[in-house]
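Written below as structure tokens is the structure these notes are about.
Bear in mind these aren't lab numbers, they're just calculated from the coordinates by the rules spelled out. Just so we're clear, the structure is a prediction, and the values are computed from it rather than from any experiment. When we count neighbours, we look across all protein chains shown, and the Cβ atoms used for this are built from the backbone with ideal geometry, even at glycine.
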Ligand code: DI6
Ligand code: FE
């Protein structure tokens, strides 16, 4: 089959096979109809036709496009003023308890029109893309009422039409209890009905919750997860970020794609995740911004065979960051991941955390989401502090 695109002379990192992070010189990748049809030595490559675009990589590194598998990208407003308070000594939990925190962003997001929300979120998306991202997961959770949760999810879908990027949506109605409401009543009377409506409208790819003393109990999250299961939607969980709530065990029990944060996960939680194949999504941006001191138990997760992913957690409260390569650097420096682990964490393991088998690696049949980098060593992507040497981003076979 004649390719639409042939990338020649690339230093290829496939994220597949026994040595997934090896960089192999002088490789060719062929693309047709937005999908990879060949990756390997030039002599085995399909022949170019009259309309084949030939792109000499000139020895540059070629990796899968990066996948940010945990973001809260769509929101309105800024929390810089709260940041200033925290730097002057107030804690995140104190600010949340006094009506600030997530509720601050909820008020701004409710007040914003859909177009305003797009206008504020699009520049953040553009910065992500400029750092090599080709797939972004976006959570709701700054609406906490039916209308605003739907608005956020519609905006997330629209962002995927405005830019050449794959957007995956996650319903996070169980983010916090809105002011004046009672947690159980909110879950049963607002969150779960909103989930059903959003799912019916095709706006939901997965379901998340925040299991924490300042958010929801495992029992409340379980009710949301049971609804997700009935709707045929996969689940994931913000688990053990600030304390241990046995959220990892709960997530595993529901066959969750991922459990995220995990600073306070227990040995039992790790064992449950390993048995269920639940990916650990590490979010060093929030750890850094909250000046946390307890790290996720990376050595134990590794020893148990839990797959590690890394994401930006881009959100206005605890991780106002849009650079996934910066998260890679932080995961190495702060959590002790190797440069191979950080790269796998934003490619094939991030794909697993999203339940996707068609992205995150370079192999025939997969989507041609690729990044060409002005370097030859894959460690360069983690080594630089949020300043990745991106040469070109390719989404479904087209440079953009
Ligand atoms: N965990 C977090 O770190 C963010 N959400 C969550 O569930 C914080 C979101 C915010 O402060 O706005
Ligand atoms: Fe988050």
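Per-structure values
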quantity	calculated
Matching helices (runs of 4 or more DSSP H) fully within the range 86-188 where at least 3 residues are surrounded by 14 or more Cβ atoms within 10 Å (Cβ to Cβ), touching a residue at least 12 places away in the same chain (Cβ under 8 Å) and in contact with a strand residue (DSSP E or B) (Cβ under 9 Å, 6 or more places away or on another chain)	114-130, 146-162
Scope the range 254-298; condition in a loop (DSSP other than H, G, I, E, B) and over 17 Å from residue 208 (Cβ atoms); matching residues	263, 264, 266, 277, 290, 291, 292, 293, 294, 295, 296, 297
Among residues of the range 197-216, those that are in contact (Cβ under 8 Å) with a residue 24 or more places away in the chain, surrounded by fewer than 17 Cβ atoms within 10 Å (Cβ to Cβ) and away from ligand 1 (no atom under 14 Å from the Cβ), counted	2
Residues of the range 21-63 that turn out to be touching a strand residue (DSSP E or B) at 6+ places or on another chain (Cβ under 7 Å) and part of a loop (DSSP other than H, G, I, E, B), as a count	10
Residue 327, sole failed condition from (1) in a helix (DSSP H, G or I); (2) within 16 Å of ligand 2 (Cβ to nearest atom); (3) out of contact with any helix residue (DSSP H, G or I) (no Cβ under 6 Å at 6 or more places or on another chain)	(3)
Count of the range 212-244 residues which are within 15 Å of ligand 2 (Cβ to nearest atom) and within 16 Å of residue 273 (Cα to Cα)	7
Residues within the range 364-388 that are within 18 Å of residue 340 (Cβ to Cβ), assigned to a loop (DSSP other than H, G, I, E, B) and touching a strand residue (DSSP E or B) at 6+ places or on another chain (Cβ under 9 Å), tallied	5
